[in-house]
Amino acid sequence: MYPTRLLWRVIHYIWECFREDGEMTMRLTNYKDDELRVEESAEDLRVTVGHFTKQPTGELVKQMEVICFILRHGEWIPLALSTDGATTVFGTSDPDSGHVTVFDRRGHSEAAGLSDAWALRLLEEGFLASAARLNPLTIEPTPQAYWPAPTTDTPDLETIEEWMWEDYGCEASDGCWVEVDGRCPHGHPSWLLRLGLV
């Protein structure tokens with residue numbers, strides 16, 4: 001099974017801005033009036049994340065939606081994915097036993113990768129910034145660790161997606177190959193760590 005690690009992190013970063021206990025339920029608009037909808041069901045151990053784009057007519061149209069099962073240790077496992085008006089189901093889950101049955105392994109792994117790439121797009125679309133504006137911090141954030149200045153250019157979204165999807169690691173800000181949340185021997189963090197994505 002393939003979890004959606006980056007989508008899980010991005011949605012939790014957004015949720016932390018709301019500082020509410022209980023099931024995660026939110027509707028959030030960005031600067032383009034697009035909408036992010038997140039609904040968690042503790043009973044079914046599922047979370048649904050949907051991105052709706054605002055059309056010139058004012059109508060919201062579903063761009064993408066993923067339904068994930070929440071494992072006991074918190075990871076999200078994609079069960080169904082909706083894009084372009086079509087929904088594909090990759091597996092089923094039993095909340096009582098915590099068991100997930102994946103019957104389309106290739107589709108499931110592609111859905112996990114697409115969900116993580118989509119998480120980067122949600123950041124680009126300004127949803128985290130919108131949540132932070134709605135609920136500004138009341139205390140100063142902890143200072144970020146000192147990292148050496150990057151010696152390579154900031155990677156584009158496609159490169160980051162390729163690293164995560166195909167290579168299961170990424171470059172540090174000096175070009176060394178590291179884990180997605182690691183640092184190289186020279187002290188440079190991974191680009192995902194430096195950009196705040198992990």
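Read-outs throughout are calculated quantities, based only on the coordinates presented, and are distinct from any laboratory measurement. All values derive from a computational prediction rather than experimental measurement. Every residue, glycine among them, receives a Cβ derived from its backbone with ideal geometry; neighbour counts consider all protein chains shown.
Things worth noting here:
- By the Cβ distance rule (another cysteine Cβ under 4.7 Å), the unpaired cysteines of the chain are C17, C68, C170.
- Diffusion coefficient of segment 5-134 by Stokes-Einstein, Kirkwood radius over Cα pairs, 20 °C, 1.002 mPa s: 142 µm²/s.
- Measuring nothing but how far apart in sequence close Cα pairs (under 8 Å, 6+ apart) lie, relative to its length, segment 5-134 scores a relative contact order of 24 percent.
- The order of C176, C170, C17, going from fewest to most other C-beta atoms within 10 Å of their C-beta, is C176, C17, C170.
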